[in-house]
Amino acid sequence: MSAPTLPVKARTPIRPARVLLHVFLAGTALAWLAPLLWALYAALRPYGETSTKGYVSWPDKLSLDNFTNAFTQSDMSHYFGNTLIIAIPAVLLTLFLSSMVAFYVSRFDFRLNLFLLLVFTAGNLLPQQVIITPLYRLYLLIDLPGITMSGKLYDSALGLVLIHVAFQSGFCAFVLSNYMRMLPHELTEAALVDGASVWRMYWQIVLPLCRPAMAALGTLLSIWIYNDFFWAIVLISTGENMPITSALNNLSGQYFTDPNLVAAGALLTAIPTLIVYFALQRQFVSGLTLGANKG
């Protein structure tokens, strides 16, 4: 008795549209990676070789000397510490305050509900360059003796933390409020009947359910605040207080700049953002897609 044969599944024909889609995606990925790969190629070559043969040439020597020199010459470890002092409190404060606003406008019905959310969101529509002059003067006028090293809000890590919180809270409140609106109202109504306070409903019921959205926003905020250059260069004047993005200026001389050294420094500064993204990649993707599956 012969063994039964399994039916052979018909092979799906290759469609031209699918081939074009994959070609387009591959080309787009290559276009995005090309500058990064070119910077890496330049950073691995000594400046003397590229100045003689040009950057479009076959290398005679590849080494990590530029990365070592960039890390030591720019005192990068010190500026990494400055960036952490700014980024960590800014991310945590932004998520905490924006989640409170989102909870209030999404779980309570009142006349100015939508208007309040629009006020917070409208802050993201205001260009930074528009308010920089009055903000700069305001920072100079606010004295904080004994709180900051400079004695003022200007030229302090606290000043950068506050401006990041102010500018990023609107976007986070908008995203979290939409996410919280999709959570069943029966959860908070049952807690209210059981005698739970508003704080307990927020902290123990609603906020734990928003972890995917909070993780996604935390990833975005970490990258945005870490890569900030505009506020740091305007509101910080002392070189020792600069974050890592502004520290790249230390690799540029008054009369001469080594582009290979600067490329190595730029690649080193990008490593922490990659670590944050890959560490929170699963939560980031789930936070962006989970809301689409809720009824």
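Looking only at residues of segment 26-45 that are over 24 Å from the mean Cα position of the chain (by Cα) and assigned to a helix (DSSP H, G or I), we find that the one that is surrounded by the most Cβ atoms within 10 Å (Cβ to Cβ) is A43.
For (1) surrounded by fewer than 20 Cβ atoms within 10 Å (Cβ to Cβ); (2) at pLDDT 85 or above; (3) more than 25 Å from G48 (Cβ to Cβ), each residue gets a yes or a no:
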| residue | (1), (2), (3) |
| --- | --- |
| I244 | no, yes, yes |
| G265 | no, yes, no |
| S286 | yes, no, yes |
| G295 | yes, no, yes |
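Within segment 101-112, does at least one residue satisfy the condition of being open to solvent by 70 Å² or more (accessible area, probe 1.4 Å) and either basic (K, R) or within 27 Å of the chain's Cα centre (by Cα) (or both)? Within segment 101-112, one or more residues are open to solvent by 70 Å² or more (accessible area, probe 1.4 Å) and either basic (K, R) or within 27 Å of the chain's Cα centre (by Cα) (or both).
Residues that are part of a helix (DSSP H, G or I), farther than 19 Å from T52 by Cβ and either open to solvent by 20 Å² or more (accessible area, probe 1.4 Å) or modelled with pLDDT of 90 or more (or both) within segment 250-261 comprise just one, N250. So N124 passes all but one of these: (1) open to solvent by 90 Å² or more (accessible area, probe 1.4 Å); (2) under 30 Å from L187 (Cβ atoms); (3) modelled with pLDDT under 85. Which condition number does it fail? Only one criterion is unmet by N124, namely (1). Looking across segment 54-84 at every residue that is in contact with a helix residue (DSSP H, G or I) (Cβ under 7 Å, 6 or more places away or on another chain) and of a type in the set (F, W, Y), the one that is surrounded by the fewest Cβ atoms within 10 Å (Cβ to Cβ) is identified as Y55. Once segment 165-190 is narrowed to residues that are more than 16 Å from L117 (Cα to Cα) and not aliphatic (A, V, I, L, M), the residue that is least open to solvent (accessible area, probe 1.4 Å) is T188. Residue check: S51 meets all listed conditions (1) open to solvent by less than 80 Å² (accessible area, probe 1.4 Å); (2) at pLDDT below 90; (3) under 26 Å from the mean Cα position of the chain (by Cα); (4) over 23 Å from A247 (Cβ atoms) but one, namely (3).
Open to solvent by 50 Å² or more (accessible area, probe 1.4 Å) and of a type in the set (S, T, Y), is that true of Y136? Answer is yes for this residue. Could we say that V105 is part of a helix (DSSP H, G or I) and in contact with a Leu (Cβ under 6 Å, 6 or more places away or on another chain) here? Judged against the criteria, V105 is a match.
The values are calculated or read from the model by the stated rules, or taken from the named source; none is laboratory data. Computed from a prediction, not measured in an experiment: that's the story for all the values here. Don't worry about glycine lacking a Cβ; one is built from the backbone with ideal geometry, like all the others, and counts go over all protein chains shown. For the accessible areas, the whole protein counts, side chains as well, though only heavy atoms, and no ligand, DNA or RNA atoms are used. Shrake-Rupley method; radii C 1.70, N 1.55, O 1.52, S 1.80 Å.
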